[in-house]
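A quick write-up on the structure given underneath.
The values are calculated or read from the model by the stated rules, or taken from the named source; none is laboratory data. Since the model is a prediction, treat every value here as computed from it, not as a measurement. Every residue, glycine as well, gets a Cβ built from its backbone with ideal geometry; the counts of neighbours run over all protein chains shown.
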Amino acid sequence: MKNINIKKGYTQVFDVESRLEKAISSKEVALTPSRIPFIKPKLLVKKGDLLKIGSPVFFDKRNPEIKFLSPAGGVVKNIVFGERRVIKKILIVIEKEEYEQFESINHDKISKTDRADLVKHIINGGLWPLFRELPYRDYPNKDKIPPQIIVNLNSPEPEGPSPSVYLENEENNFFAGLEILNKLSDKTFIISDASDEVPDQIDKLITHKVAGNYPANDPGTFLYHIKKNIPENSSWYIFGQDLIMIAKLVLSGKYPTDKVVTVSGSMNKDDNLHYRVRVGAPLNDLVKHTYDDFKIIQGGVFRGYDTSDTPYSGYFENSFNLLKKEGEDALFGFVMPGFKKNTVSKTFFSFLNTGTREIECSLNGEERACVNCGTCSKFCPVDMFPNITYKAVYADEVEEAIFSGLLDCVECGVCSFVCPSKIELAKDLKNAKSEYYKEQV
Amino acid sequence: MKFMRDLFKSNEKFFTKGGMFEKLHPLFDATKTFFFLPKGKIRSFPFLRDSIELKRFMSIVILSLIPLLIFGIYNTGYQANLASDSDISLQGAFFKGLTITLPLIIVSYSVGFTWEIIFSVIRKHKISEGFLVTGLLYPLILPPSISLIQAAVGISFGVIIGKEIFGGTGRNILNPALTARAFLFFAYPSSMSGDSVWIFSGSNVDAITSATPLSIVANATISDNISMIFNQAGLSLKTLFFGSYPGCIGETSAFLCFIGGLILIITGIGSFRTIIGGIIGLLTTSFLVSYFFKVPFANVTPIQHLLIGGFAFGIVFMATDPVSSPGMNISRWIYGFLIGFLTVVIRVFNPAYPEGVMLAILFMNIFAPLLDYVETRIKLGKRMPNV
C-alpha cells in the first residue's frame, strides 16, 4: 500500500456521521436521464406501462445496447419533459415488486467465465455505464481492454457515503466485484481516502491511500499523480458502491435496487446521516422537515447539479446537500470584516475562525474580467493553470488548450469556487472538454 | 438602510431598458453595488463560491494605502508650512495638506470615473473596480505643486491610453496610474522634476526649492561623501525611513510602504515574490554598482537606495498590480528582480531621469506577458500529454 499526498484543492465542507438509517420505503421513484452525462436517452416506455424491477426504461441512442432499467416494479405515472424535450423525470409508482430475472453466475465461476459473456451480462443488467473512462468520463466501449481500472472506495462528492458504512456486510459482494474487474482488465487499483475507515478485510487490498483536500480522491486526480505513460490516460474507474451493485447483479441475476446515500448541508435540520434507499427515491423519504426554500444540490456541492425541482436520488449521485439560497444584498459588504465568511482568501477575518462558517449558495459578487491573480492555479489539483487554459478555450485555440492540460481537468469546480472575478472556469473547461470529445467520436 | 434599499428600488426603473436614463445604467449599477454588494445567483456548478470578489480585492489595496495617504497629507502640509514659516503644528500642517491634496484626489477620481462611465456606457458593460485603486494611487505619486489641470490631463491619458483602449480592467498592459505619471513626466517636465516642485508654494509666491535625495546625488561628484551631504541636508537615514522630507505626496515614507506591503502580503493580494524579488534586485545591483563603478551613485549605500525616491512605494503598490505583472511564480521573482535592477541602472547611468522606478516598472510591464509565456511553455511542456 502506498500513500499519496495531494496538497492542493479545497477542504471538505460538511461532515457526515457514519451512521446508517433506513429510509421510509418509497411509494414512488423517478429516473432522471438528464443527469447522466453524454447519453442521448430514448424512451422505451410510455405513460401507464407496467414495469418489473429491471425492465428497460430508456436506452442510449448512441449505442442502443446500453439500456437503463427500472429500479422498481409498478406503473409509469408520468413522464416530464424539460426545455428542448429533455427527459427530466420518469415517475414510477411502486405497485407489484416483481423481478426481471437475468442469468446469474456463481462466485466461484466468475473467474472461469468468458470476458465477453461477463460484459454482456453487465450490459443486459443495465449497469455497464457505472464504469467510466477517463479523461472524458463517458462509459467505455465494451470491447476495449483498459490499461487499468481504478476502484474508488469514496465518492466523487466530498460529502458522499463513507466506505465504512456501505461496505458493512457487503465484503463478499465486494470480493466478487474485484474478480469481475480482474476479468475486465489486468491491473486494478483500489484507492481510498486516508481519513476513512475501511473494514479490515478490504483494507488489506487497498493499493493507494490518498490524503489531501477535495478532490484528492477523485480518480482523475489520482491518475494524474501516478501515471507513468500516455496510454494510462484512458483508464477506467468505478466507485466502490457501484462495484457492489454490479457484483449483486452478477451473483443474483436480479437488478439491485438499493444504494447508500447521504443527506447533509447547512440547512439540514436533522443530523447529517447515511440512508439506505432505493435508487430514484425522492428526498421526502429521507428528511422529515420541509425544504421548499432551499437549494438542493445532488452529486456534491462542487460538481453536482441543482436538483431543487427534481430531488430524486440518481444513478450516479449519492448525496443530497441542502443549502441556503442567496440572501439579500449586504450593505457595504466589501469592507465588512467577515468573521464567518466562507473563503480561502485572507482578506476576511474568517481565516482566524476555525469554527462554523456561513455556507450559502450564492455567487457573492458579479462576473468581471480576469485580473491574472493566479488563485485558480494555486488550488488546481492537477497543476493546470485554469486561467490560461480558459483564455485558450475562449479564443477557440483548441490545440493550445489541450497543450495546457485541458484533458487533465478533473471537473472538480475548485477554480470557479476561488475565483475573485467570478468567472465560470470549471463550467467552461468542462464544456470545452466534452465538445472536444464529441468531435472525436 | 431600508430607506437606501427603497431608494435604489424606486429609481431603478429610470435606468433599466426603456427608462429615461437607460444609457447611464452602468453608473446606476456601480453606485448600487457600491452600497449593496450583490449576492448573485449561481447558474452552474460549483454551487458554493468564495466570498471574495473584486471590490474586496481592491479595497484591501486602498486600506493599505490609507496610512500613506494620511501621512502624505500631513507631510505635504508640514513641508509647505515649514518653508513659508507658517503654522507647523499637527492640525495646521494637516489642514494645509488637505487643501493641497484633497483637490488632487477629487480631480483624479472624478475625471477618471467620468472616463470609466463614458467607456462603460458605450461598451455596455459594468464599471470595473480597478479604477478605485488607480484613482488613489495616482495623486499619491504626484508632486504637490502640480496644477489640477495637469493632473486631470494625466489621469485622462492614464485611463484611456493605459487601460480603456485595451479593453478595460484586466486587459491593460501597463499600470494606468504609472502611465498617467509617465505622461505628465514627459509632457510637463518642468512641473514633474527639478528642485522646485516638491514643496507646495501656492500661486502667488515664488517657487520654493528643495533638492530631493536623488537630485542631491545626481549633482554630487565622485569624491563627495553622500551620507554626509544627506545629513547636512537633513536627510538622515531615520528621516528617509519615516519620510518627513519633501517629495511626491504619498511616497516619501518607506516605513509606511513597508506596513502597506505587509498588509498586501498577509492578505495575499500583492505578491511577496514581486516585492522581495524587487528588494533583492535593488540591493544586489546597487551593491555591485558601488563596488565596480566610479560614479557619484557608487557612494550611495544599498540601504539608501532602498529608501530614497519612489522605490518602496513603486515596488509595493505599483509592481504588484496583478493585471500588469506576471501571473506565474518564477516570473514574478524575475519581474521583481529586474525592476530593482533597472531602477538602479536608470538612477546610476542616466542622469536625465534620476527617478528610475517609474520607468523600470513600466518597462517590465511590457515584458510581463513574455515572462509568463516562457514560464508556462516550460511548465506545460513538462506535462504528460493526454491525447
Segment A:310-334, residues that are free of Cβ contacts under 8 Å to residues at least 40 places away in the same chain and either of a type in the set (S, T, N, Q) or over 15 Å from A:ALA281 (Cβ atoms) (or both): A:LYS325, A:GLU326, A:GLY327, A:GLU328, A:ASP329, A:ALA330, A:LEU331, A:PHE332, A:GLY333, A:PHE334
Filter result for A:ASP49 (touching a Lys or Arg at 6+ places or on another chain (Cβ under 9 Å), touching a residue at least 12 places away in the same chain (Cβ under 8 Å), farther than 17 Å from A:THR257 by Cα and of a type in the set (Asp, Glu)): no
For segment A:385-441, give me every one of the helices (runs of 4 or more DSSP H) that falls completely inside it and has 2 or more residues that are closer than 19 Å to A:CYS373 by Cβ, more than 9 Å from chain B (Cβ to nearest Cβ) and at pLDDT 90 or above. A:386-394, A:425-440
Looking only at segment A:283-338, which residues are within 11 Å of chain B (Cβ to nearest Cβ), outside any strand (DSSP E or B) and either under 23 Å from A:ILE39 (Cβ atoms) or among the polar types (S, T, N, Q) (or both)? A:GLY299, A:GLY300, A:PHE302, A:ARG303, A:GLY304, A:THR307, A:SER308
Inside segment B:25-55, can you point out the residues that are of a type outside the set (Ser, Thr, Tyr) and in a helix (DSSP H, G or I)? B:HIS25, B:PRO26, B:LEU27, B:PHE28, B:ASP29, B:ALA30, B:LYS32, B:PHE34, B:PHE35, B:LEU54, B:LYS55
Specify the residue that is nearest to B:LYS55 (Cα to Cα); the eligible residues are those in segment B:126-152 that are more than 14 Å from every other protein chain (Cβ to nearest Cβ) and outside any helix (DSSP H, G or I). B:ILE141
Identify all residues within segment B:326-357 that are buried (at least 24 other Cβ atoms within 10 Å of the Cβ), in contact with a Lys or Arg (Cβ under 7 Å, 6 or more places away or on another chain) and either outside any helix (DSSP H, G or I) or more than 14 Å from chain A (Cβ to nearest Cβ) (or both); write none if there are none. B:PRO326, B:GLY336, B:GLY356
Within the set of pairs 6 or more residues apart or between chains, which connect a residue that is among the polar types (S, T, N, Q) inside segment B:37-48 to a residue that is modelled with pLDDT of 85 or more and not in a loop (DSSP other than H, G, I, E, B) with Cβ atoms less than 7 Å apart? B:SER44/A:LYS427
Out of B:MET4, B:MET20, B:MET58, which single residue is exposed (fewer than 14 other Cβ atoms within 10 Å of the Cβ), part of a helix (DSSP H, G or I), more than 7 Å from every other protein chain (Cβ to nearest Cβ) and in contact with a helix residue (DSSP H, G or I) (Cβ under 9 Å, 6 or more places away or on another chain)? B:MET4
Tell me which residues, restricted to segment A:89-106, are in contact with a helix residue (DSSP H, G or I) (Cβ under 7 Å, 6 or more places away or on another chain) and at pLDDT 90 or above. none
Give the residues of segment A:107-147 that are of a type in the set (Asp, Glu), part of a loop (DSSP other than H, G, I, E, B) and within 14 Å of chain B (Cβ to nearest Cβ), sorted by residue number. none
Based on what the data block shows, is B:ASP87 away from chain A (no Cβ under 14 Å) and either under 26 Å from the mean Cα position of the chain (by Cα) or of a type outside the set (Gly, Ala, Ser) (or both)? yes
Would a scan of segment A:62-80 turn up a residue that is outside the structural domain of A:PRO282 (by TED's automatic domain parsing), closer than 19 Å to A:TYR312 by Cα and among the acidic types (Asp, Glu)? no
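Per-residue answers, yes or no, for (1) in contact (Cβ under 8 Å) with a residue 40 or more places away in the chain; (2) surrounded by fewer than 23 Cβ atoms within 10 Å (Cβ to Cβ); (3) in contact with a Ser or Thr (Cβ under 6 Å, 6 or more places away or on another chain):
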position	(1), (2), (3)
B:ILE269	yes, no, no
B:GLY278	yes, no, no
B:LEU288	no, yes, no
B:VAL295	yes, yes, no
Exclusive hit being in the same structural domain as B:LEU142 (by TED's automatic domain parsing), modelled with pLDDT of 90 or more and over 30 Å from B:SER145 (Cα atoms), set B:PHE95, B:PHE119, B:PHE71: B:PHE119
Restrict the check to segment B:271-281 and report whether at least one residue is part of a helix (DSSP H, G or I), among the charged types (D, E, K, R), under 30 Å from A:THR375 (Cβ atoms) and outside the structural domain of B:ALA177 (by TED's automatic domain parsing). yes
A:ALA194 is checked against (1) in contact with a helix residue (DSSP H, G or I) (Cβ under 9 Å, 6 or more places away or on another chain); (2) surrounded by fewer than 18 Cβ atoms within 10 Å (Cβ to Cβ) and fails just one. What number does that condition carry? (1)
When residues of segment B:23-55 are filtered for being within 13 Å of A:PHE334 (Cβ to Cβ), facing another protein chain (nearest Cβ under 7 Å) and among the small types (Gly, Ala, Ser), how many remain? 1
